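Data block below; observations after.
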Amino acid sequence: MPNIRVELLPGRTVDQRRRFAEEVTQAAVDALGARRQDVRIMFEEVAADFVANGGVLASEDDDRAGQVARFGGSVAD
């Protein structure tokens, strides 16, 4: 049984998560030969100040400010 864990910044809609789950499930069926009903996907929302890219917290990264704000976070001053 494939167990797939997805970490996302908060703010994705149910429709976005549903579409992602459908497409990733199909990919697991195609690539792994898994039965559709055995593919488990768990979404976990992670605050922008709990994630760092290149040594910079997402909440403090000016290059990611638009993306962070789009999903409910803010870039620190």
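The values are calculated or read from the model by the stated rules, or taken from the named source; none is laboratory data. Being a predicted model, the structure only gives us computed values, none of them experimental. Positions of Cβ are backbone-derived with ideal geometry, glycine not excepted, and every protein chain shown enters the neighbour counts. Each accessible area value is taken on the protein alone, full model and side chains, heavy atoms only, with ligands, DNA and RNA left out. Shrake-Rupley method; radii C 1.70, N 1.55, O 1.52, S 1.80 Å.
Here are the numbers for the structure shown:
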quantity: Verdict on residue 40 being among the charged types (D, E, K, R), touching a helix residue (DSSP H, G or I) at 6+ places or on another chain (Cβ under 7 Å) and modelled with pLDDT of 95 or more; calculated: no
quantity: Scope the stretch 24-55; condition under 16 Å from residue 6 (Cβ atoms), without any contact (Cβ under 8 Å) to a residue 24 or more places away in the chain and open to solvent by less than 100 Å² (accessible area, probe 1.4 Å); matching residues; calculated: 24, 25, 26, 27
quantity: Number of positions in the stretch 21-48 that are closer than 15 Å to residue 8 by Cβ and among the acidic types (Asp, Glu); calculated: 3
quantity: Yes/no for residue 5 being open to solvent by 60 Å² or more (accessible area, probe 1.4 Å), over 19 Å from residue 70 (Cβ atoms) and in contact (Cβ under 8 Å) with a residue 12 or more places away in the chain; calculated: yes
